[in-house]
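Accompanying notes for the structure given below.
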Amino acid sequence: MTIPVNVSSELRSLQDQLVAATPLSKASFPTIRALQLNAYQLVVDIQSAITQPNLLDTWTAPTDPVSMITGFQTVATAGNDQNTLSLMRGVVGRAASNLDQLV
């Protein structure tokens, strides 16, 4: 599993939009609404990435030692990516919730 490119690019875009709209207390309603919609879409895309079947669900250990070590390293990387996506889901969900409080 890797972090999908669309999730990474949407996250960067949302961060750039938030910086451009700072301070949010003075941002226009259409700007805040666009931020909300983008944050909610990002939450949906992250959730979709988390719930897709991935290497953590399907990996079976090979029998030779070299392939087994390589496989374990790949699974560990997939686990880190899954963890990052889960944490990202929480942070972006909270950001979306905070944006709701502005309107």
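Every number here is computed from the coordinates shown, using simple stated rules; none is lab data. Note that the structure is predicted; figures quoted are calculated from it, not measured.
Annotations for the structure displayed:
- Highest-fluctuation residue, 46, 32, 69 considered, GNM on the chain with Cα pairs under 10 Å: 69
- Derived scalar couplings between HN and Hα for region 93-103 equal x, 5, 4, 4, 5, 5, 5, 4, 6, 7, 10 Hz in order, rounded to whole Hz, by the Karplus curve 6.51 cos²θ - 1.76 cosθ + 1.60 (θ = phi - 60°), x for Gly and Pro.
- Volume per residue of the convex hull around the Cα atoms, evaluated for region 5-100, comes out as 87 Å³.
- GNM flexibility winner over the chain from 16, 64, 45 (Cα, springs under 10 Å): 64
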